[in-house]
Each structure stands twice: as structure tokens, then as C-alpha cells.
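The values are calculated or read from the model by the stated rules, or taken from the named source; none is laboratory data. Keep in mind it's a predicted model, so treat the numbers as computed, not measured. When we count neighbours, we look across all protein chains shown, and the Cβ atoms used for this are built from the backbone with ideal geometry, even at glycine.
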């Protein structure tokens, strides 16, 4: 590994592997990216094909100069089976319109739903592997306090606030966010247009 050639071709696609100590990404069988699990703080599947990996910036001291990687996103394209199914669905579009049998339409709907579920599981599995290898999630530390069903404007939606010793974790239906307490300057509680409810 030490003597392996580094990729300078500039491509942003390649192959990845979950090694013992780090996540490795190679382009054309050459080293491109090496992410030690110790430097990863969070991994989230944003949708069926995209995973966001947040880096651990806890050890960066105030006043430190330089650029730091805070987040990197990976796009997982549809595999050959999913691509073939999408092409088949497009080619059968006119035929489906002529179908009058409700049972056949029901079967097609169920199959399409299953394909979408498999795609989602593929991105989620990638994120779960990162979380497991990095030892985060259940091993992130002891939760000091928890606030349920908090409405936020940014990021928009309902989130669960999990407060740890030095950071806050927002857990939503589709996204998770980690915010260090030292990065929070102010929090605004704003009235909603109905005049009855409030949100952050």
C-alpha cells in the first residue's frame, strides 16, 4: 500500500473499500482518497443514491489557520439491475397505458415500490458501514438531555435534539446534523404567522 501509485488523473469516480482503519477510494486501481475512521463524526443517507460524511473537527483549536475538510458526499449510481429495470419501465410505458387488468397494474406498482426500497437500502447500507467502522452512533457518548419534536426553520422540519457533552445532534426523518456548542453563537425563537406557535 505504501508504494502504491497515487491518482492524479482528476476523476471523481472509482471503487471503494471499507478497510480495517480507514475508508479507501481508488481511481483506476490507484490511490485517490483515504479517510481514517477516527476522523469521521457522522454519515447520513440523503436519498437513494447520496451519502454525506461529516468529518470530526473537535480537535481543531480556535485560531488555527488552514483549510479543513468538513464534509464529503458520495454518489452511488444505480447498479446494472436497477438500470435495466428503469429502461424496461420506460419501454413498457405505452403498453402499461393499454392495460385494463387491475391485478397486473397492482403487481407492477408493488415491483416498482420494491425497487425504490432496495435503492434506498443501498445508500443506507453504505452509511451504516461508515457508522459501524467509525464507532459512532450508539458509541457517540452519553446523552445529557433530549428534546423531542422541535420545529426548525433552518434546517426545515421536525427534529429530535440530542445534547452531548460538547455538541448537539439533530435527528430528523431524512437527515442528521452534528453541531459543536462552540460553533453556536445565537438561537432565535420566532413566531409563526398564525400567532400561536413558535419555532427555532
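Is one or more of the residues making up the range 157-171 outside any loop (DSSP other than H, G, I, E, B) and without any contact (Cβ under 8 Å) to a residue 12 or more places away in the chain?
no
Residue 166: within 25 Å of residue 35 (Cα to Cα) and at pLDDT below 85, yes or no?
yes
How many residues does the range 133-149 contain that are surrounded by 14 or more Cβ atoms within 10 Å (Cβ to Cβ) and either assigned to a strand (DSSP E or B) or at pLDDT 85 or above (or both)?
Looking only at that region, the number is 2.
Restricted to the range 105-132, and to residues that are at pLDDT below 55 and touching a helix residue (DSSP H, G or I) at 6+ places or on another chain (Cβ under 9 Å), which residue is farthest from residue 34 (Cα to Cα)?
The selected residue is 105.
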